[in-house]
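Each remark here refers to the structure printed beneath this line.
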Amino acid sequence: MTEPSEDPGEPAGPPPAAPPAGPTPRRGLTRRRLLKAGLIGVPAVAAISAGGAAWLWATADVDTAGRVRFVNRLAIPPLATGRRDGSGRRVFELRARAGNRRLRPGRPTPTWGFDDGHLGPTLRVDRGETVVVNVRNELAEATTVHWHGMHLPAVMDGGPHQPIRPGATWSPTWRLDQPAATLWYHPHPHGRTGQHVYRGMAGLFIVDDPAAGSPDLPGRYGVDDVPVIVQDKNFGDDNRFDESTPLIGGVGILGDTLLVNGTVAPYHDVTAERTRLRLLNASNARTYGFGLSDGRPFALIGTDGGLLPAPHLTDRVRLSPGERAEIVVTMRPDERVVLRSYPPDLGADFWTSRVTGGDDTMDVLELRAAGGLTPSPALPGTLAEAPGLGSAGGRVDRGFELSGFEINGRAMDMSRIDFGVGRDTTEIWEVTNLDVLPHNFHVHGTRFQVLSVNGAAPPPELGGWKDTIYTPRETPVRIAIRFGGHADPDSPYMFHCHLLFHEDLGMMGQFVVTEPGVLPGRPVMPHDAGHG
Ligand code: C2O
Ligand code: CU
């Protein structure tokens, strides 16, 4: 991606404090046990002096509202539409590699990414096409590429079972058959997903569905249909990304500086009356509460797995790590408005909210309207069919308890398949976060419909297709989930918390899709995928 190396706009005020150092661990306790022992959340206050607690409280939040000078034009990831091979397949090439970016005054920041070394191109494919992606790993260590939100056979999924060793090329192929949506891709190596994503490995994968009679929505890529990939970073010595996990907080890295499409302090020149923003939270741990700086409403038109049944007018959209939202912002000539993250409602107690980013306000992207704007058609009244998989009253087939960095009391084990589901069946799952900490829940290889949240009908923003959902504590979330046509008793799909620190600690499990009556098999343990 072409990267602005103009004046890297720093927040004009004093930068907010980096995550505070926590108490020194007692010997004999691993970090994991320390966390489990409760040095997070409310008990952390008791573990440190009152003065220390007050200091932590006062320094634990970030507020950059009104303090970012937007001096860099928003980078737009290059659009890749691939080439057609002899058998009509849509073929893409991706190279995983290291790079660097000039993000702040002084030294460039070392990054990882695809193709030019930070983030990656936006892949774009029509429903019905067969896709091939040749992923070459030019990094010095193994990685994987997972197609988040994609319905595809488990062996093509790019989870921890499909490592690509250095120098090798992995070439997954699948027939793309799902509604138009904003999906994404990122590495998923066992225990190292957080590190690879934090270094910058992430890109969008847009699915179009021409046969569905596309509703009249802003659709000029990079002009009035704009990718907005949001990641929060901390910078350390020499402008390197600071990869250290704060001990206090318990969710992993929360950065004090936002990058949008890899751009610090970005602005976008708006040239049409309506602009569609494809928001992706590609952050490790931070949940955002997106809104506009003057409080004006916008239309939420899509979520993870597709368009909503109808536009939903709102002034906030909460996105936890891995979630996407498509919004349409209407502007008048010559005005400016800032996309801002307001304190997201995490449903957590005061202390937990404070140390997990729930009190943070961060400026994201300035939208600058030109003096003359191209007219945009009014938003259609209906956008897509409602999911319609089930009703809240149905029997729950499976329950998932999120607690202590485990799911149902078990930590991730690549050799254990937790359960099998039948091909072409629909199940109702109930997911409950029993921790004080925030979590979310993502399922590979499919999409789901939210049936209820804490027993109540889902709000309009959860009325469409999802593949990742925020799970506030002690709030059962019921979903109806459909397992499609790719049966394979030996190749698992993942389900996990998408706060990457939690995922890497083992808050993940595996399931397989089988033909009716077939029992789950044994996972084929990773051999290095690809040919070198
Ligand atoms: Cu976005 Cu298992 O991943
Ligand atoms: Cu979690």
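The numbers here are math on the coordinates, done by the rules we state, and not lab data. Just so we're clear, the structure is a prediction, and the values are computed from it rather than from any experiment. Reconstructed Cβ throughout: ideal geometry from the backbone, glycine too, with neighbour counts over all protein chains shown.
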(message) For SER341, SER214, which order do you get if you count the other beta carbons within 10 Å of each Cβ and list the fewest first?
(response) SER214, SER341
(message) At a 10 Å Cβ-Cβ cut-off, how would you order SER283, SER452, fewest neighbours first?
(response) SER452, SER283
(message) Quick check for you: which residues of the stretch 398-426 have the amide N under 12 Å from the point 7 Å beyond the Cα of GLU515 toward its beta carbon?
(response) 423
(request) Work through the residues other than ASN234 whose Cβ is under 11 Å from its Cβ and net out their charges, Lys, Arg +1 and Asp, Glu -1. (result) -2
(message) Run lengths n ≥ 4 of DSSP H only: what is the helix-derived mean residue ellipticity at 222 nm for the chain, with -39500 (n - 2.57) per run over all residues, to the nearest 500?
(response) -2000 deg cm²/dmol
(request) Among GLY250, THR374, THR356, flag the residue with its Cα farthest along the positive direction of the charge dipole of the stretch 218-374, charges on Cβ as +1 for Lys/Arg and -1 for Asp/Glu. (result) THR374
(request) Report the charge-dipole magnitude of the stretch 398-514 in Debye, nearest 20, computed about the Cα centre from +1 at each Lys and Arg Cβ and -1 at each Asp and Glu Cβ. (result) 280
(request) Just subtract the alpha-carbon distance of ARG175 and THR475 from 0.36 nm times their residue separation and send over the number in nm, one decimal. (result) 104.3 nm
(request) Could you size up the charge dipole of the stretch 218-374 around its Cα centre, putting +1 on the beta carbon of Lys and Arg and -1 on that of Asp and Glu, and report it in debye to the nearest 20? (result) 420
(request) Report the local net charge at VAL91: Lys and Arg +1, Asp and Glu -1, summed over other residues whose C-beta lies under 11 Å from its C-beta. (result) +1
(message) Once you place label points 7 Å from the Cα toward the Cβ at VAL91 and THR425, how far apart are they in nm?
(response) 4.0
(message) Taking 30 Å as R0, compute the FRET efficiency from the Cβ-Cβ separation of THR130 and ASP413 and round it to 0.05.
(response) 0.35
(request) Please find the FRET efficiency linking THR81 to ALA54, where r is the Cβ-Cβ separation and R0 is fixed at 41 Å, and quote it to the nearest 0.05. (result) 0.15
(request) Would you please give the residues with an amide H less than 5 Å from that of THR130, counting only those at least 5 places away or on a separate chain, with H modeled from the backbone geometry? (result) ARG90, LEU176
(request) State the three equivalent ellipsoid semi-axes of the stretch 218-374, derived from the C-alpha gyration tensor as the square roots of 5 times its eigenvalues, in descending order and whole Å. (result) 28, 18, 14
(message) Can you give me the convex hull volume of the Cα atoms of the chain, divided per residue and expressed in Å³?
(response) 147
(request) First select every other residue whose beta carbon is under 12 angstrom from the beta carbon of PHE350; then total the charges, Lys and Arg +1, Asp and Glu -1. (result) -2
(request) Please give the contour-minus-distance gain from SER214 to ASP269: 0.36 nm per residue of separation, less the Cα-Cα distance, rounded to one decimal in nm. (result) 17.2 nm
(request) In nm, give the distance between the simple-model label positions of LEU313 and ALA370, each being 7 Å from the Cα along the Cα-to-Cβ direction. (result) 2.8
(message) Quick check: residue separation of ARG104 and THR330 times 0.36 nm, minus the Cα distance between them. What number comes out in nm?
(response) 78.2 nm
(request) Per residue of the stretch 434-445, in order, report the coupling 6.51 cos²θ - 1.76 cosθ + 1.60 (Karplus, θ = phi - 60°) as ³J(HN,Hα) in whole Hz, putting x for Gly and Pro. (result) 9, 8, 6, 7, x, 9, 9, 9, 10, 10, 7, x
(message) Just to be sure I follow the definition: excluding the sites themselves, where is the longest run in the chain that has none of the trypsin sites (Lys or Arg not before Pro) in a DSSP loop with at most 10 other Cβ atoms within 10 Å?
(response) 28-394
(request) Please arrange MET525, MET201, MET412 by counting, for each residue, the other beta carbons lying within 10 Å of its beta carbon, fewest first. (result) MET525, MET412, MET201
